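The values are calculated or read from the model by the stated rules, or taken from the named source; none is laboratory data. This structure is a prediction, so every number in the text was calculated from the model and none was measured. FYI the Cβ positions are ideal-geometry reconstructions off the backbone, even for glycines, and counts take in every protein chain you see. To get the accessible areas, we keep the full protein, side chains included, count just its heavy atoms, and leave off ligands, DNA and RNA. Shrake-Rupley method; radii C 1.70, N 1.55, O 1.52, S 1.80 Å.
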Amino acid sequence: MIRTVLIIGGAGFIGSHLADELIANGYDVRIFDNLIPQVHGRHGAWPDYLPRAVDLVHGDVRDPVQMQRALADVDAVFHLAAMVGVGQSMYQVTDYVAVNDLGTAVLLQALIDRPVERLVVASSMSIYGEGLYRRADGTLVETALRSTAEVTQGRWDLFDSSGQELVPVPTPESKRPDLASIYALSKYVQERMCLLVGSAYRIPTVALRFFNVYGTRQALSNPYTGVLAIFASRLLNGRRPLVFEDGRQRRDFVHVRDVARACRLALESPHADGHVVNVGSGQSFTIEEVARRLATVMGRPEFAPEITRRYRVGDIRHCFADISLAREVLGFEPRVSFDQGLSEFVDWLNTQQAEDRTERAAAELVRRRLMA
């Protein structure tokens, strides 16, 4: 019987909401986190929003001794610890591989000696690269790509060999990975290591591929967090959101409470064992549309998004979730509409301050020739 659950990386955005969800459903929760300054500020204090009932353990996922201490007397583990951000991963390769992959290896080494009843690892939609597309004749395309020459000329959309535009469709878990960044590669390694070790040592394991998660408690001053938080940081500082390419790229935005519930269902569902499962809303919006809607709900419609028509290495055009498998094996159904979630997000934003570091991050990409 699962009673005590460890959330590795649990002090952050998704982990803290998961802690709320688990406590509300009768679990005891321990959080293991290194309180990285990029997410938690330079003082590295435990956030005030964490429930009082949570057992807090400060430590680094790469430290075997600290990991053993965090795992003592727990029945199940959520592995959410990771460095995030496509662009940053392309110039901090050592850091991303060390935290995301070596950190996962340290966890798994500990679990070999002390197995738990369930392991759930957070993966990412970035693993897919481009999403799934359909040709005009109805056949599907799993390996659609854009060349550097095309994007530097402003040809943003994807075409087949005959020049016909490809139509994006919901992406299922069966779509083969296409790893376009070090971040995506590290997340793929995380999920595969967990599933492999879980199978070998009979630890029921589930990998959840999160799409674009948004909601309260996002790190607004982190320029490598989710796009909604980055836009919010700009708007809070009286600046227009910066939108890359032509703004018509499509993404799936899923509310953090829905994600937390999907995580709990992965803990509880016997049908999820061994599966990789998309966690999204099943809907898509263009990035320009999202920027405009956020500005309007924040009461700042005059700050229309600035369409930069620039391309970042590792970015993809369209990717949004097919959540059929989540419905089947988790019994998951999104409950928070985008309008509802956006309204709640803005209510929270009205109590927050943010340092806008977007232009600094973009300048770093330009300096390293990672932006065209």
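Some values worked out for this structure:
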item	result
Neighbour net charge for ASP356 - beta-carbon separation under 12 angstrom, K R +1, D E -1	+3
Alpha-carbon centroid distance for the pair segment 321-359 / segment 152-170, whole angstrom	29 Å
Net charge of Cβ neighbours under 11 Å - reference ILE127; Lys, Arg +1; Asp, Glu -1	+2
Of all accessible heavy-atom area on the chain, the percent that carbon and sulfur account for (1.4 Å)	48 percent
Segment 5-61 versus segment 248-270: alpha-carbon centroid distance in Å	18 Å
Model label zone, ALA98; criterion: amide N under 16 Å from point 7 Å along Cα-to-beta-carbon; scope segment 28-61	34-38, 59-61
Relative contact order (%) - criterion: Cα under 8 Å, at least six apart; region: segment 219-368	36 percent
Net +/- balance of residues flanking ARG42 in space, Cβ distance below 14 Å, scoring K and R +1, D and E -1	0
Accessible area in square angstrom per residue, segment 217-286, 1.4 angstrom probe	29 Å²
Three semi-axes of the equivalent ellipsoid, segment 229-282, Cα gyration tensor, whole Å, largest first	33, 14, 7
Residue range of the chain that is longest and free of GluC sites (Glu not before Pro) which are both DSSP loop and sparsely packed (at most 16 other C-beta within 10 Å)	143-301
Net length gained if the chain between ASP113 and ARG335 were fully extended (0.36 nm per residue, minus Cα distance)	76.0 nm
Rg to Rh quotient for segment 259-372, alpha carbon positions, Kirkwood Rh	1.05
Value of D in µm² per second that Stokes-Einstein yields for segment 1-88, Kirkwood Rh from Cα pairs, at 10 °C (1.306 mPa s)	120 µm²/s
Per-peptide average of other Cβ atoms within 10 Å, ordering 118-125, 91-98 highest first	118-125, 91-98
Computed over segment 48-147: relative contact order in percent, which uses C-alpha pairs under 8 Å that are six or more apart	28 percent
Length released on extending from ARG239 to ARG368, taking residue separation times 0.36 nm less the Cα-Cα span	44.0 nm
The chain: angle of helix 182-200 to the longest principal axis, Cα-based, in degrees nearest 10	30 degrees
Computed lengthening from VAL169 to TYR49, 0.36 nm per intervening residue step minus Cα-Cα distance	39.4 nm
